[in-house]
1. What is segment 258-324's relative contact order, in percent, from Cα pairs under 8 angstrom and six or more apart in sequence?
2. Can you quote the Å³ per residue value for the convex hull of the Cα atoms in the chain, rounded to an integer?
3. Evaluate 2.2 N^0.38 Å with N set to the residue count of segment 188-248, then give the Cα radius of gyration divided by it.
4. Rank-order 136-144, 5-13, 275-283 by packing density, defined as the average count of other C-beta atoms within 10 Å over each peptide's residues, highest first.
5. Return V89, V274, V324 ranked ascending by Cβ neighbour count within 10 Å, so the fewest neighbours appear first.
6. Springs between alpha-carbon atoms under 10 Å, Gaussian network over the chain: tell me which of G29, G115, G174 tops the mean-square fluctuations.
7. How large is the helix-only mean residue ellipticity at 222 nm for the chain, computed as the sum of -39500 (n - 2.57) over DSSP H runs with n ≥ 4, divided by its residue count, in deg cm²/dmol to the nearest 500?
8. In the chain, if the dipole is taken from +1 on Lys/Arg beta carbons and -1 on Asp/Glu beta carbons about the Cα centre, which of P242, I218, H58 is farthest to the positive end?
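Derivation of every value follows stated rules applied to the coordinates shown; laboratory data play no part. Worth saying up front: this structure is predicted, and the values here are computed from it rather than measured. Every residue, glycine as well, gets a Cβ built from its backbone with ideal geometry; the counts of neighbours run over all protein chains shown.
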Amino acid sequence: MKCIVGLSGGVDSSTSAAIMKEKGVEVIGCTFKMMESKNTASAIQDAQKVADFLKINHIVIDCVKDFKNYVIDYFIDSYKKGITPNPCVMCNKFIKFKHLENVRLQQNADLIVTGHYANLKKKNDRVELMQAVDLSRDQSYFLYRIDAEILRHVKFPLGDNSKTYTRELARKFGIHVAEKSDSQDVCFIPNGDYVGFIQNRSSELTESGDIVNEKGEILGKHDGIVNYTVGQRKGLGLAGGPFFVSALDAQKNRVIVSNKSGIGKKQILLRDVVFINEPYLGSCEVKIRSTTQKISAEIIQNSGNYFVELFQSEYGIAPGQHCVFYIENIVLGGGVIC
């Protein structure tokens, strides 16, 4: 058996490669060059050291153009539209698993292996994506748009692990990145200064503008809509509140605020809905952000549009984020919040 391991140079992917090697599987490490940067060069160097240590072949794939088109441009364009992006979902769909599948086919390999914390259940031609055992590390939310045809050839060796146990395994294997810190939420902005990152590429998003209420009355000034997200309460600098961000009007460069009742929603309109297996309508649970708990809901369809009816009002539902559907620990699919 042969597998292609997405080898990022971090502890999770490196440990996954070591697990597969220990099982007697032929392993080929595949690292993506996503940007021309010192951090990317350092990650590739770490991945090469891991590959050398494990005595496995190592391939570096140049994805700079695709990464710019599908992730960075999408990230900036989302803010230009006043919506909240999720670059990890896009990267998994259009970069990581797309290119890993291409390499798998080129190398005539059986499996794609990554260090994601998630699980898969396969039976005949059906595959189900499931949450990781350690829900604090679960990454199934970010994987819901991966095609079932690709998932049939995927394995997640860390799906039953805690992060602590993964590091223990890395030490046991003698991998030099065993203590390496976790990657940032937005990996292509390693210092966390996403405002500065966007300003260098689209300065209009950091220009000052008005903060208004739902009647359009000016309440104050903001320092660039990129600094705000729907549901935000802190950092508004307004008297007479509390106020919450209810919408971003990128066209007029305005931040719209209301009281808490103004941001509560029980119905969510979705676009670009996908299902891993057959379409589903009915009761389920949903996550409206990667960091939120699952909440009870119902998927309905009306005039060709998908909606999620929440059993109780939720706050801070941000257009552009992803609403992912679950039944127990199984991912059904999801869509983008309108």
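1. Details: 101 pairs, mean separation 27.2, N = 67.
That works out to 41 percent.
2. Working: hull volume 48.5 nm³, N = 338.
For the chain, the hull spanned by Cα atoms encloses 144 Å³ per residue.
3. Working: Rg = 12.8 Å, N = 61, 2.2 N^0.38 = 10.5 Å.
For segment 188-248, the normalised Cα radius of gyration comes out at 1.22.
4. Values: 136-144: 21.0, 5-13: 26.1, 275-283: 13.2.
Going from most to least packed, we get 5-13, 136-144, 275-283.
5. Working: V89 23, V274 16, V324 26.
Ranked by crowding around the Cβ, least crowded first: V274, V89, V324.
6. Result for the chain, Cα springs under 10 Å: G174 fluctuates most.
7. Details: 9 runs with 77 residues, N = 338.
Helices in the chain give a 222 nm mean residue ellipticity of -6500 deg cm²/dmol.
8. H58
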